[in-house]
1. Using Cα positions and a limit of under 13 Å, work out the aspartates and glutamates in reach of Lys54, with same-chain residues fewer than 8 apart set aside.
2. Suppose R0 equals 35 Å; then what is the FRET efficiency for Lys190 and Lys45 from their Cβ-Cβ distance, rounded to the nearest 0.05?
3. Among the lysines, select those whose C-alpha is under 18 Å from the C-alpha of Lys167, and discard any that sit fewer than 8 residues away in the same chain.
4. Using the structure shown, select from Lys96/Lys163; Lys67/Lys127; Lys45/Lys168; Lys118/Lys143 the pairs with a Cα to Cα distance greater than 27 angstrom.
5. Under 19 Å Cα-Cα from Lys111, which aspartates and glutamates qualify once same-chain neighbours fewer than 8 residues away are excluded?
6. Just rank Lys140, Lys161, fewest to most, by other beta-carbon atoms within 10 angstrom.
7. Tell me, in nm to one decimal, what length is gained between Glu122 and Lys198 on full extension, where the rule is 0.36 nm per residue of separation less the Cα-Cα distance?
8. Amide H of Phe183: which non-local residues (sequence gap of 5 or more, or other chain) have their own amide H closer than 5 Å, using H built in the peptide plane?
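None of the figures in this text is laboratory data; all of them are computed from the coordinates on show. Source: prediction; values computed, not measured. Here Cβ is always computed from backbone atoms with ideal geometry, including for glycine, and neighbour counts include all displayed protein chains.
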Amino acid sequence: MRQDQYVIKTSFKQPIFCLNAVKNFSSMSFDDNISISPDGKIKDKSLISFMNPKHISALLRNYSRLKEDCYGKFYTDGYYMMEVLDELVDKTLKEKYPLYYSLLIYKIDGKSNLEIQKLLEEEHGIKHSVEYISSLWRNKIPKLIAEQAEIDFLYWYYLEKEKGKWKKCSRCGTVKLAHNKFFSKNNSSKDGFYSICK
């Protein structure tokens, strides 16, 4: 009887109750090492910056390992860094550039450029050279993601930190930030920008 009780006792595990299961987290703490110069240029001194295409490229090339290392570790910065990267990738590529999004998924899955070439042709009806696929993966896609991170930062900064000036494009009718990221400079106009956005 005692032996049976011991077996039952060791096989029974107490339920775990978490007092603070979800870490309170804003999507990205932009203001840590990032500032804007008087001429409107972003200065980023972060160790890993989403606004640097080289950093984005490195994160994408090591995506599977990084994601695996921080899976379920809500208490780590790495987990939230990968969450922000996922959101940024979806926002940048999923709707605007579906071919690039597919290419990125295939690369992360470890497929070769030849396999990706065939898959893209089947899925999107476009055949790119193996060299061009490599160039998209290493240069174009990281650059697009970094540009989206810059845009997100500018909108956040001029809505939350400082009052920004806004301007309606005379061609597309969209209201955008009056900044050289969105409008070309024009010294003859009142606000210093052309009326048509980039």
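1. Within reach: Glu147.
2. With R0 = 35 Å, the Cβ-Cβ based efficiency is 0.55.
3. Reachable lysines: Lys176, Lys181, Lys185, Lys190, Lys198.
4. Lys96/Lys163; Lys67/Lys127; Lys45/Lys168
5. Glu68, Glu121, Glu122, Glu123, Glu131
6. By the 10 Å Cβ count, ascending, the order reads Lys161, Lys140.
7. Result: 24.0 nm gained on full extension.
8. For Phe183, whose amide H was placed from the backbone, the distant partners under 5 Å are Lys198.
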